[in-house]
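Working notes for the structure below.
The values are calculated or read from the model by the stated rules, or taken from the named source; none is laboratory data. Bear in mind that the values here come from a model prediction, so they are computed numbers and not experimental data. Positions of Cβ are backbone-derived with ideal geometry, glycine not excepted, and every protein chain shown enters the neighbour counts. Side chains included, ligands, DNA and RNA excluded: accessible areas come from the protein's heavy atoms. Shrake-Rupley method; radii C 1.70, N 1.55, O 1.52, S 1.80 Å.
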Amino acid sequence: MSGNSFGTLYCVTSFGESHGPAYGGVVDGCPPGLELNSEDIQKELNRRKPGSSRHVTQRRETDTVEILSGIYEGKTTGTAIGFLIRNEDQRSKDYAAIADTFRPGHADYTYWQKYGIRDPRGGGRASARETVIRVAAGAIAKKWLQERYEVVIRGYLAQLGPHPIAFKSWEDVGRNPFFAADDSRTKELEQFMDALRESGDSCGARVNVVAENVPVGWGEPVYGRLDADIAAAMMSINAVKGVEIGAGFASIGQKGSEHGDEMTPQGFLSNNNGGVLGGISTGQPVTVSIALKPTSSIRLPRRTINTKGAAATVQTTGRHDPCVGIRATPIAEAMLACVLMDQALRHRGQCGDVAPPLKLK
């Protein structure tokens, strides 16, 4: 299987399966001299890990990171940073009943057709558990970006199923198990999720991510566009079916006089373009929104086929997130961080000695 790496100068490679011994990752391209320890990575992994509330999968994993290389005396050396996160709570027997059938909406069918073999335990390589590697790599990128450029990357749940959640404050995001930016909505969201879980069904979600203090000039104007790299990175996250930069699809209904971000000596008057123009960062906040589809593993019976092509019915038991979007916020933050660090290094390599001729306040 190819396609296990992403990035150009900040390159991340992952390996492992949901029910294998461990997941592992290699981060290549992190500059030397960054103070880094396992706790820097662990705090981000703890935000994503399963079993954190009754509204997500009850698989119990500590997600403890083991750093294997690339750090000496508490600082990165510039060599590859290798790390391992062991699986501790697999229950492979839960998947015995669906080993010969395909879950509608899941990668079971496409994996089997492509490779002629698949690991049905937890989805194997298709499992969202693979995102532990992305979050770990993103933790490194987040720290470097903040220390080098004061870039701050934060996200929040903007919609849970049919319930849109307006942004209230960043402080509220850490006060509830949903990463919602309005903690007063927590009881309502909990009631919705309790009823959904009881019904055996699942729902989708929207997650918004914002990167502040991004310098002007990151990205390329044709291939390697900043917004194109962000979109590709976000679409690589399990269950993501849509990505918006800035106004996104709302720009369809806007007029040019409304959508174009007017400029004054004091700066831009709006940010409909999400901090990116012509594939290059404007110096405004980079804003991204992703849509995540409902979880494919549900208890309700669904029509499908088996590996012989015959009609079948499938029901998925075991431990699954009724909404993968609840734990997606730190994952989306991590992918944005990895893209921004990659673009920062690429910009530094080509245009590091170019001073922007004009600086908006």
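Quick look at the numbers
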read-out: The one condition in (1) in contact with a strand residue (DSSP E or B) (Cβ under 7 Å, 6 or more places away or on another chain); (2) part of a helix (DSSP H, G or I); (3) over 26 Å from Ala22 (Cα atoms) that Lys142 fails to fulfil; value: (3)
read-out: Within segment 197-213, considering residues that are over 19 Å from the mean Cα position of the chain (by Cα) and part of a loop (DSSP other than H, G, I, E, B), the one surrounded by the most Cβ atoms within 10 Å (Cβ to Cβ); value: Ser202
read-out: Segment 199-224 residues that are free of Cβ contacts under 8 Å to residues at least 60 places away in the same chain, paired with ones that are of a type outside the set (A, V, I, L, M) (beta carbon under 8 Å, 6 or more apart); value: Pro221/Gly278; Pro221/Gly279; Val222/Gly279
read-out: Every residue from segment 267-283 that is under 22 Å from the mean Cα position of the chain (by Cα) and closer than 12 Å to Ser251 by Cβ; value: Asn273, Gly274
read-out: Any chance Thr295 is at pLDDT below 95, under 30 Å from Asp108 (Cα atoms), among the β-branched types (Val, Ile, Thr) and open to solvent by 60 Å² or more (accessible area, probe 1.4 Å); value: no
read-out: Residue within segment 127-135 that is open to solvent by less than 20 Å² (accessible area, probe 1.4 Å), of a type in the set (Ser, Thr, Tyr) and not in a loop (DSSP other than H, G, I, E, B) present; value: yes
read-out: Some residue of segment 247-258 being in contact (Cβ under 8 Å) with a residue 24 or more places away in the chain, open to solvent by 30 Å² or more (accessible area, probe 1.4 Å) and not in a helix (DSSP H, G or I); value: no
read-out: Selection count where residues are over 24 Å from His19 (Cβ atoms) and open to solvent by less than 40 Å² (accessible area, probe 1.4 Å), scope segment 303-334; value: 3
